[in-house]
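Peer 1: Got a structure for you, questions after.
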Amino acid sequence: MRIGIDARMYGSGFTGIGRYTYELIHNLAQLDRSNDYVIFLRKEAFDGFVPPSPRFQKVLADFPHYSLAEQTRFLSVLNREHLDLMHFCHFNAPVLYRHPFVVTLHDLTLSFFPGKKMTHWIQRVAYHIVLRLVTRHAQQIIAVSGHTKKDLQTLLGIPDEKVTVIFNGVNPDFSTPSSVDPKALRTQFGLAKPYFLYTGVWRDHKNIVGLLKAFDALNRESDHHYQLVITGRPNPNYPEIPETVKALRLENEVRLTGLVGDEELKALYQQALAYVFPSFYEGFGFPPLEAMLCGIPVAASNTSSIPEICGQGNAVFFDPYDIEAMTTAMRTVATDQALRKDLVERGFKHALRFKWEAMASSVLDVYNGILKGI
């Protein structure tokens, strides 16, 4: 059979969806000896993409996400390829595509926290129309967590049998020592004290301002014993993050690093006192699992999919809407040595369960199940 994969988010500087797409393609190349694949790529990734086997071909689909070209010109490209099955790795698919397809839903963040990403009513209406039509016409929906499946059923009334839960994997490289010299890393980022770490994008549902407030409360009671490192590309739409740092006079304690390289990120994980994940909402959530593989304890929100992905007993959970509760969790994970040791041991074993090969194998089962019925 001839299977298409929408890999327009594939490329350097992976987002979570980009990583998912990359791992799906390269693991399918190892697992599937029967089907042929057509990989649709944007221009930058197209030029550098080397098909992992002769059964894979690449097609240029340089159409921006959430655009009119995506709904019209991308549709024409897809129809031209005469696919037996198409896999959209994100919900933004041409709504008029009428051949068999699968769609992966990573989260429904924009349904709950549209934030400053969709400010115009037209954008919000378009989002809901595309989401509803794509999920309605899909042969099968892949959800990356049980909580995402529940959200789909609650918001869109999707039948239970139409949604398959398939967990993401985690890069096993996080369990290996970083090549970055610890002393050089601390000099580079001005780290002179034990530090908490947050990694990720700057969005309202990430609750970074709440983290700053909880950190400030903890640091005041401990006589400024700690630092906080926040990675991620600064987002001008969220000036409240640097403004909160300034308002709380945390310039000496908080490090806003911007984007860092893979080895630097791994080193920041491995040398951290603890990882804090304060999100209000996540469809999956890679960072706590990455932290567990790096051998550091985790404090995380008790909302959405986070307890499901972290697993009970593998992290200290808190209510992200309660600053005092977050402060208490950070204090506990920083100072309770017996608990820290237990969290590190349990968390590492837990994170090893999330394998990209298992994800791709389960997706292939979905493909084959649909193709047998066509």
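Here, each number is a calculation from the coordinates, and none is a lab measurement. Everything numeric here is computed off the predicted structure, so don't read it as measured data. Quick reminder, even Gly has a Cβ in these numbers, built from the backbone with ideal geometry, and neighbours come from all protein chains shown.
Peer 1: Segment 218-298: D in µm²/s via Stokes-Einstein (Kirkwood Rh, Cα pairs, 25 °C, 0.890 mPa s)?
Peer 2: 173
Peer 1: Right, something else. Please go through segment 237-267 and write out the GluC sites (Glu not before Pro) that DSSP classes as loop and that have at most 12 other C-beta atoms within 10 Å.
Peer 2: Working: sites: E240, E243, E251, E253, E263, E264; in loops: E251, E253.
Within segment 237-267, the qualifying GluC sites (Glu not before Pro) (loop, at most 12 other Cβ atoms within 10 Å) are E251.
Peer 1: For the chain, treating each Cα as an identical point scatterer without solvent, what Debye log10 I(q)/I(0) comes out at q = 0.10, 0.11 1/Å?
Peer 2: Those come out to -0.67, -0.80, one per q.
Peer 1: Over the alpha-carbon set of segment 172-351, work out the extent along each principal axis and list the three values in angstrom, largest first.
Peer 2: 40, 36, 32
Peer 1: For segment 1-113, treating each Cα as an identical point scatterer without solvent, what Debye log10 I(q)/I(0) comes out at q = 0.12, 0.15 1/Å?
Peer 2: -0.39, -0.62
Peer 1: Using Cα atoms only, what is the angle between the long axis of helix 262-271 and the major principal axis of the chain, expressed in degrees (0 to 90) to the nearest 10?
Peer 2: With both axes taken from Cα atoms, the answer is about 40 degrees.
Peer 1: For a Förster distance of 35 Å, can you work out the FRET efficiency between the beta-carbons of S34 and L133, rounded to the nearest 0.05?
Peer 2: 0.70
Peer 1: Considering the options L250, T199, A214, tell which one lies farthest towards the positive end of the dipole of segment 172-351, charges being +1 on Lys and Arg and -1 on Asp and Glu at the Cβ, about the Cα centre.
Peer 2: Comparing the listed Cα positions along the dipole, L250 ranks first.
Peer 1: To continue, here is another question. Mind listing the phi-derived Karplus ³J(HN,Hα) values for segment 56-68, rounded to whole Hz, using 6.51, -1.76 and 1.60 with θ = phi - 60°, and x for any glycine or proline?
Peer 2: So the J values, rounded to whole Hz, are 10, 10, 10, 10, 6, 9, 7, 10, x, 5, 6, 10, 5.
Peer 1: Suppose we take every Cα in segment 81-190 and form the convex hull; what volume per residue is that in Å³?
Peer 2: 193
Peer 1: Could you compute Rg(Cα) / (2.2 N^0.38 Å) for segment 245-374, with N its residue count?
Peer 2: So segment 245-374 has a normalised radius of gyration of 1.26.
Peer 1: Using the Karplus curve 6.51 cos²θ - 1.76 cosθ + 1.60 with θ = phi - 60°, work out ³J(HN,Hα) for each residue of segment 296-311 in order, rounded to whole Hz, and write x for Gly and Pro.
Peer 2: My calculation for segment 296-311 gives 10, x, 10, 10, 9, 4, 9, 10, 6, 7, 4, x, 4, 6, 6, x Hz in order.
Peer 1: Also, I was wondering about something else. Once amide H atoms are built 1.01 Å from N in the peptide plane, which residues 5 or more positions from Y226, or in another chain, come under 5 Å H to H?
Peer 2: Those lying under 5 Å, H to H, from Y226: there are none.
Peer 1: Hey, another quick one. If you count the DSSP beta bridges with both ends in segment 172-351, what percent of them are antiparallel, to the nearest 5? Working shown, then result.
Peer 2: Working: 0 of 16 bridges.
The answer is about 0 percent antiparallel.
Peer 1: Mind pulling the angle between the C-alpha long axis of helix 323-335 and the longest principal axis of the chain? Nearest 10 degrees, somewhere in 0 to 90.
Peer 2: Value to nearest ten degrees: 70.
Peer 1: Please compute the modelled spin-label separation between F112 and I374, points set 7 Å along Cα→Cβ, answer in nm with one decimal.
Peer 2: So the two model labels end up 3.4 nm from each other.
Peer 1: Given Cα positions, please report Rg to Rh for segment 42-82, the hydrodynamic radius being the Kirkwood one. Don't jump to the answer; show the numbers that get you there.
Peer 2: Values: Rg = 11.5 Å, Rh = 11.3 Å.
So for segment 42-82, dividing Rg by the Kirkwood Rh gives 1.02.
Peer 1: I would also like to ask the following. Which whole-Hz couplings ³J(HN,Hα) result when phi for each residue of segment 144-149 is put into the Karplus expression 6.51 cos²θ - 1.76 cosθ + 1.60, θ = phi - 60°, listed in order with x for Gly and Pro?
Peer 2: Per residue, the Karplus-derived 3J(HN,Hα) values read 7, 7, x, 5, 5, 4 Hz.
Peer 1: To continue, here is another question. Taking segment 172-351, how many lysine pairs are there with alpha carbons less than 28 Å apart, if each pair must be eight or more places apart or span two chains?
Peer 2: Number of lysine pairs found: 20.
Peer 1: Provide the packing ranking of 39-47, 273-281, i.e. peptides ordered by the mean count of other C-beta atoms within 10 Å per residue, highest first.
Peer 2: Per-residue mean Cβ counts within 10 Å order the peptides as 273-281, 39-47.
Peer 1: Here is a follow-up. Return one number: the angle in degrees, 0 to 90 and rounded to the nearest 10, between the long axis of the Cα atoms of helix 356-373 and the longest principal axis of the Cα atoms of the chain.
Peer 2: 30
Peer 1: For n ≥ 4 DSSP H runs only, could you compute -39500 (n - 2.57) per run for the chain, divide by its residues and tell me the 222 nm figure to the nearest 500? Spell out each step's value before the answer.
Peer 2: Values: 15 runs with 165 residues, N = 374.
That comes out to -13500 deg cm²/dmol.
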